[in-house]
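Right, one structure below, let's go through it.
Derivation of every value follows stated rules applied to the coordinates shown; laboratory data play no part. Not measured: the values here are computed from a predicted model.
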Amino acid sequence: MKAISLLLGLGFGLVALVVLAGGRAAGIGGLVALAAQVWAVALLRPAMGAPTGKFMQRWLGGIAIRVIALALLIVWSATHRLTLPPLATSLGFLGVLLPLLFMETRFLK
């Protein structure tokens, strides 16, 4: 539970930074990235000591969650360009997801 709380705290801090840098659209992208990352970590944590097959299934599930979240975000922002600019939204997503990915091993312990 401590790891998820740390992930959420760091994630919301990153979302605040992307909101300051890119505005509302970047914040929405950042929140989607944070939700995808929390879901992926929650999926993988129980399989950390599991056999390789089960671990890989959960790891690939986490990758799929992130890819689907980005795809849905891009489709939504492409169809609603005036309210959700695609560039700011995508940069907000990446601006939150990439630092969290680099720190992911700390959240899986």
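Per residue and in cubic angstrom, what volume does the convex hull of the Cα atoms of the chain have?
Given the Cα convex hull of the chain, per-residue volume reads 77 Å³.
Go through the stretch 46-60 residue by residue and turn each phi into a ³J(HN,Hα) via Karplus (6.51, -1.76, 1.60, θ = phi - 60°); whole Hz please, and just put x for glycine and proline.
Karplus values, whole Hz, x for Gly and Pro: x, 9, 4, x, 7, x, 4, x, 5, 4, 5, 4, 5, 4, 5.
Cα gyration tensor of the stretch 9-63, axes a ≥ b ≥ c as square roots of the eigenvalues: rounded (a/c below 1.5), prolate (a/b > b/c) or oblate?
Prolate.
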